Amino acid sequence: MGGCRSALTGAVGMWGNPAGLAGLAAREIHLTARQGYALAGLETVQTGFLWSEANRGLGLSASHFGTAGYREQELALSGAIQLSPSVAIGLRGGYVGQGVDEAGVSGSVSSRIGIQVRLDEHWLVSSVISQPWGGQLAGGWDAGVAFSPSATTLWTSEITAEWGFAPTFRSGFEYHLSHTCLIRAGIQLSPSVFAFGLGVLVGKSCTLACSASYDLLLGMTPGIGLHWQIEGQAEQ
C-alpha cells in the first residue's frame with residue numbers, strides 16, 4: 001500500500017502505529033520476508049505475534065536485516081489501549097542491535113508513540129512519533145488518514161518524514177475481490193515508488209500474500225507474507 005502504516009489497524013501496528021493494535025479481538029501470527037531491490041544482502045525478515053481483545057492489545061515482534069557482514073536486528077514490544085470508542089493510543093519499545101561483525105555490534109533503544117481517532121464509521125485519522133525521547137536511532141513523524149466506504153474497500157494516505165528531512169507523501173488502497181482474495185496497491189513520492197500486492201485465504205485461518213514495489217531509481221523489491229489467525233476476527 002505504498003508503505004502506508006500510520007492509519008492502519010491490525011498487526012501492522014507492530015511495525016507502524018502501535019495504537020492500531022487495540023480492540024481487535026484477535027490472536028495472530030505474522031511472518032514476512034522481502035529482498036531489497038532484488039539484491040543479495042538486503043533481505044529483511046519480520047515475525048510478530050498479536051494478542052488483542054476488548055479495549056487493549058499487545059504485540060511482540062522481531063526483525064532481521066542484512067547479512068553476516070552487516071546486520072540490523074530488533075526485538076520490540078508494542079501495547080495499545082482504547083481510551084474511548086473513538087480514541088486509541090499505543091506505545092512501542094524495542095532493542096536494536098546493528099553493526100559490522102569486525103567492528104562489533106552496538107545496541108540502541110527504539111521507541112514509538114501513536115494515536116488513532118475514529119471520526120465516524122468511515123473515517124479515521126492518526127499520528128505517530130518515532131524516537132520521541134531522542135536516542136541514537138533516527139526518528140521522525142507520520143500523520144495519516146483512512147477512509148472505508150464499505151467493508152470491502154479501504155483507502156489511506158499519509159505524510160511522513162525523518163527529523164531534519166523533507167516530508168514524503170504516500171497513498172494506497174485495499175479491495176476485497178471476494179471473501180478469499182484481496183488486492184492492494186499504492187504509491188510513494190520523493191522517492192517515487194509504486195507498489196502492488198495480492199492476498200489469498202488458504203483454508204479457514206491462513207492468508208498467503210505476495211507483493212512487489214518498484215523504485216524508479218533502484219528497481220524492484222519482491223516480498224512474501226504469511227498470516228495465521230489463531231482465533232477471533234480482526235476488524236479493519
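See the values below:
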item	result
Qualifying position, being in contact with a helix residue (DSSP H, G or I) (Cβ under 7 Å, 6 or more places away or on another chain) and small (Gly, Ala, Ser), among Ala88, Ala166	Ala88
Conditions (1) over 22 Å from Arg170 (Cβ atoms); (2) surrounded by 17 or more Cβ atoms within 10 Å (Cβ to Cβ); (3) without any contact (Cβ under 8 Å) to a residue 24 or more places away in the chain: number failed by Phe65	(1)
Test: residue in region 145-161 that is touching a residue at least 60 places away in the same chain (Cβ under 8 Å), open to solvent by less than 50 Å² (accessible area, probe 1.4 Å) and more than 29 Å from Gly93 (Cα to Cα)	yes
Checklist (1) under 20 Å from Gly97 (Cβ atoms); (2) open to solvent by less than 60 Å² (accessible area, probe 1.4 Å); (3) out of contact with any Ser or Thr (no Cβ under 6 Å at 6 or more places or on another chain) applied to Gly79, failing item	(1)
Within region 103-120, tally of residues that are small (Gly, Ala, Ser) and either in contact with a Lys or Arg (Cβ under 9 Å, 6 or more places away or on another chain) or touching a residue at least 40 places away in the same chain (Cβ under 8 Å) (or both)	3
Filter result (without any contact (Cβ under 8 Å) to a residue 60 or more places away in the chain, closer than 14 Å to Trp228 by Cα and small (Gly, Ala, Ser)) within region 1-50	Gly48
Verdict on Val45 being touching a strand residue (DSSP E or B) at 6+ places or on another chain (Cβ under 7 Å), within 23 Å of Glu121 (Cβ to Cβ), surrounded by fewer than 16 Cβ atoms within 10 Å (Cβ to Cβ) and among the aliphatic types (A, V, I, L, M)	no
Any hit, region 213-221, residues being within 16 Å of the chain's Cα centre (by Cα), surrounded by 13 or more Cβ atoms within 10 Å (Cβ to Cβ) and not hydroxyl-bearing (Ser, Thr, Tyr)	no
First in region 164-189 and more than 15 Å from Phe147 (Cα to Cα), second anywhere and charged (D, E, K, R) and in a strand (DSSP E or B), Cβ under 8 Å, 6 or more apart	Phe169/Glu158; Leu182/Glu174; Ile183/Glu174; Ile187/Arg170; Gln188/Arg170; Leu189/Arg170
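Yes/no matrix, rows are residues, columns are (1) open to solvent by 40 Å² or more (accessible area, probe 1.4 Å); (2) modelled with pLDDT of 95 or more; (3) assigned to a strand (DSSP E or B); (4) in contact with an Asp or Glu (Cβ under 7 Å, 6 or more places away or on another chain):
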position: Gly107; (1), (2), (3), (4): no, no, yes, no
position: Leu124; (1), (2), (3), (4): no, yes, yes, no
position: Ala143; (1), (2), (3), (4): yes, yes, yes, yes
position: Gly172; (1), (2), (3), (4): no, yes, yes, no
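The values are calculated or read from the model by the stated rules, or taken from the named source; none is laboratory data. Predicted model only: the values in this text are computed from it and were never measured. Methodologically, a virtual Cβ is constructed for each residue, glycine included, from the backbone with ideal geometry; neighbour enumeration extends over all protein chains shown. Calculation scope for accessible area: heavy atoms of the full protein, side chains included, ligands and nucleic acids excluded. Shrake-Rupley method; radii C 1.70, N 1.55, O 1.52, S 1.80 Å.
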